[in-house]
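*Asks:* Take a look at the following structure, please.
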Ligand SMILES: [Zn+2]
């Protein structure tokens, strides 16, 4: 696992947020290197999963370069994730198929509360 997530190279419509950890990168970055927090999704191997596991439907971006010490990271429950850009909230949940992948890999997944 990388120690720091890639920072988005552009801030446009191709930005997507991981549905599990809320990391924000561009579509191409997820395709090329997957999600640094969620290697179980294998997005860099299985490119269809980029669409399954990320969403372009999110609001708010914070960049968090020291998640272990930041209050906002604790509040967002990302303190154990790699430094990077995160969104405050995603409105979609992972598909049941991908939730099963999480379970198979002993990866914790917390669905959004108001889904
Ligand atoms: Zn992720």
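*Asks:* Say we join alpha carbon atoms closer than 10 Å with springs in a Gaussian network model of the chain; which of 26, 68, 55 then has the biggest fluctuation?
*Replies:* In the Gaussian network model the winner is 68.
*Asks:* Going by Cα centres, the stretch 59-78 and the stretch 21-54 are how many Å apart?
*Replies:* The distance from the Cα centre of the stretch 59-78 to that of the stretch 21-54 comes to 20 Å.
*Asks:* Among 86, 27, which comes first, second and so on when ranked by fewest other beta-carbon atoms within 10 Å?
*Replies:* Working: 86 25, 27 16.
Final ranking by Cβ density, sparse to dense: 27, 86.
*Asks:* May I pose another question? Can you put 103, 14, 97 in order of Cβ neighbours within 10 angstrom, beginning with the fewest? Present the calculation step by step, with values, prior to reporting the outcome.
*Replies:* Working: 103 12, 14 15, 97 9.
Placing the least packed residue first, the sequence is 97, 103, 14.
*Asks:* Looking at the square roots a ≥ b ≥ c of the eigenvalues of the Cα gyration tensor of the chain, which shape do they give, rounded for a/c under 1.5, prolate if a/b is larger than b/c, or oblate?
*Replies:* Numbers: a/c = 1.30, a/b = 1.14, b/c = 1.14.
Because its axes are fairly even, with a/c under 1.5, the chain counts as rounded.
*Asks:* Quickly work out the residue 51-to-residue 65 label distance, labels modelled 7 Å from Cα along the C-beta direction, and quote it in nm with one decimal.
*Replies:* For the pair residue 65/residue 51, the computed spacing is 3.7 nm.
*Asks:* Here's another thing I want to ask about it. Could you work out [θ]222 nm for the chain from helices alone, using -39500 (n - 2.57) per DSSP H run of at least four and dividing by all its residues? Round to the nearest 500 deg cm²/dmol.
*Replies:* On the way: 4 runs with 28 residues, N = 115.
Helices in the chain give a 222 nm mean residue ellipticity of -6000 deg cm²/dmol.
*Asks:* Give the calculated FRET efficiency between residue 28 and residue 104 to the nearest 0.05, with a Förster radius of 25 Å applied to their Cβ-Cβ distance.
*Replies:* Working: r = 27 Å, r/R0 = 1.09.
Given R0 = 25 Å and the Cβ-Cβ separation, E is 0.35.
Bear in mind these aren't lab numbers, they're just calculated from the coordinates by the rules spelled out. Everything quoted here is computed from the prediction, not taken from an experiment. Backbone-built Cβ (ideal geometry, glycine too); neighbour counts: all protein chains shown.
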